[in-house]
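Derivation of every value follows stated rules applied to the coordinates shown; laboratory data play no part. Just so we're clear, the structure is a prediction, and the values are computed from it rather than from any experiment. Methodologically, a virtual Cβ is constructed for each residue, glycine included, from the backbone with ideal geometry; neighbour enumeration extends over all protein chains shown.
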Amino acid sequence: MLVRNFDATDLYTVHQLLLVSGWGHRAEAQDDLARLIAASQRTAVAVVDEQVIGFARAITDGISNGYLSMVVVADGFRRRGVGHALVEHIVGQDESITWVLRAGREGVSQFFVKQGFNESAVAMERKRR
């Protein structure tokens, strides 16, 4: 498996991955995904045999704060370290940045605890409509 920065040539396959993985509501059209990616400071794909099997993106100032927005792994590749590798690629080793995320999907909290995230009593949210 190779984890690398997203490239514009990955757009179609990442969009297809999102659609089949239950993330279509976040990027219904390929153009929506392109806009999300353009507004993100960090994006990555996981690739096996030239097939995109995972995607992650984050918004960060690169100094103090970061928001891990998406971590998506193809169904047949889950629980194989793909998500972990994507998070490591996006978050990196800089411990001066506080990273936050929304762990709203069932069972995902346990995954992120393994990645070093903690439950937070200080986060607040204003949900989109």
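Inverting the mean 1/r over all pairs of different Cα atoms, compute the Kirkwood radius of region 1-56 and quote it in Å. Numbers along the way, then the final one.
Details: mean 1/r = 0.0890 Å⁻¹.
Computed over Cα pairs of region 1-56, the Kirkwood hydrodynamic radius comes out at 11.2 Å.
Rounded to a whole number of µm²/s, how large is the Stokes-Einstein D of the chain at 10 °C and 1.306 mPa s, given Rh as the Kirkwood radius over C-alpha pairs? Intermediate results must be reported in sequence, preceding the final value.
Working: Rh = 15.1 Å.
So the translational diffusion coefficient is about 105 µm²/s.
So what is the 222 nm mean residue ellipticity for the chain from helices alone, if each DSSP H run of at least 4 adds -39500 (n - 2.57) and you divide by all residues, rounding to the nearest 500 deg cm²/dmol? Let's see the in-between values first.
Working: 4 runs with 36 residues, N = 129.
Value at 222 nm, helices only, nearest 500: -8000 deg cm²/dmol.
Working out 0.36 nm times the residue gap between Val47 and Ser120, then minus their Cα-Cα distance, what length gain in nm do you get to one decimal?
Numbers: separation 73, 0.36 × 73 = 26.28 nm, distance 3.22 nm.
Answer, rounded to one decimal: 23.1 nm.
Past the 20 angstrom mark, what percentage of all C-alpha to C-alpha distances in region 61-129 do you count? Present the calculation step by step, with values, prior to reporting the outcome.
Working: 734 of 2346 pairs.
Pairs farther apart than 20 Å: 31 percent.
To test your reading of the geometry: what angle, between 0 and 90 degrees and rounded to tens, separates the Cα axis of helix 11-20 from the longest principal axis of the chain?
70
What is the sum of charges around Thr13, taking Lys and Arg as +1, Asp and Glu as -1, for the other residues whose C-beta is under 14 Å from the C-beta of Thr13? Please list the in-between numbers first.
Values: positive: Arg4; negative: Asp7, Asp10, Asp49, Glu50.
Its environment carries a net charge of -3.
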